[in-house]
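The values are calculated or read from the model by the stated rules, or taken from the named source; none is laboratory data. Since the model is a prediction, treat every value here as computed from it, not as a measurement. No Cβ is skipped: glycine too gets one built from the backbone with ideal geometry, and neighbour counts run over all protein chains shown.
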């Protein structure tokens, strides 16, 4: 699967969405973001070097036709009902969806990623504690960079 030819739709632009967009960009996805508000961290990410080539931003609320021409959908809003609606719309269109606040409504879980020169590691939590997953991913990144990459 060549992710550089795929488009990921991310609805929301807060902390979780920002982490997921970083990962998508690392794997060369084209990213479409739909959100009424863009967080400072997301704004920094999307104005970074070369990011503009792969990111489209639509500043408004989600509309069901936003999923047109997408390969995967990530529902990352802070509104449970909106995330549910996004999940339903994606499933109706047969597009795989990850709903950030509901593992049951997701077709796949979006991992935290630890990237290094020598390996890629995906870390998936149980779905209820994003902070713990993020912290453990950080520890694994440190281990990889300090121990494993030094052994190459």
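State all residues of segment 84-95 that are surrounded by 15 or more Cβ atoms within 10 Å (Cβ to Cβ) and either in contact (Cβ under 8 Å) with a residue 24 or more places away in the chain or in contact with a helix residue (DSSP H, G or I) (Cβ under 7 Å, 6 or more places away or on another chain) (or both); if no residue qualifies, say none.
84, 86, 87, 89, 90, 95
Scan segment 94-103 and give yes if some residue there is within 30 Å of residue 145 (Cβ to Cβ), modelled with pLDDT under 95 and in contact with a strand residue (DSSP E or B) (Cβ under 9 Å, 6 or more places away or on another chain), otherwise no. Walk me through it before giving the result.
Going through segment 94-103, the residues within 30 Å of residue 145 (Cβ to Cβ) turn out to be 98, 100, 103.
Next, only the ones that are modelled with pLDDT under 95 stay: 100, 103.
Those left that are additionally in contact with a strand residue (DSSP E or B) (Cβ under 9 Å, 6 or more places away or on another chain): 100.
Yes.
Only one of (1) outside the structural domain of residue 62 (by TED's automatic domain parsing); (2) more than 13 Å from residue 16 (Cα to Cα) is not met by residue 81, so which one is it?
It is condition (1) that residue 81 fails.
Which count do you get for residues in segment 20-41 that are buried (at least 21 other Cβ atoms within 10 Å of the Cβ) and in contact (Cβ under 8 Å) with a residue 60 or more places away in the chain?
Of the residues in segment 20-41, 1 are buried (at least 21 other Cβ atoms within 10 Å of the Cβ) and in contact (Cβ under 8 Å) with a residue 60 or more places away in the chain.
If I ask for residues that are surrounded by 14 or more Cβ atoms within 10 Å (Cβ to Cβ) and at pLDDT 70 or above, which ones from segment 126-142 would you list?
So in segment 126-142, the residues surrounded by 14 or more Cβ atoms within 10 Å (Cβ to Cβ) come out as 127, 130, 133-134, 136-137, 140-141.
Result: 130, 133, 134, 136, 137, 140, 141.
Mind telling me which of the residues 33, 95, 57 ends up being over 11 Å from residue 11 (Cα atoms), assigned by TED's automatic domain parsing to the domain that holds residue 9 and not in a helix (DSSP H, G or I)? I'd like the intermediate steps shown before the answer.
On the way: 33 fails: over 11 Å from residue 11 (Cα atoms); 57 fails: over 11 Å from residue 11 (Cα atoms).
None of the others qualify; the one that does is 95.
Any chance segment 108-120 includes a residue that's at pLDDT 85 or above and within 20 Å of residue 15 (Cα to Cα)?
Initial filter on segment 108-120 (at pLDDT 85 or above): 108.
Checking which are within 20 Å of residue 15 (Cα to Cα) leaves us with 108.
Taking every residue of segment 108-120 in turn, at least one turns out to be at pLDDT 85 or above and within 20 Å of residue 15 (Cα to Cα).
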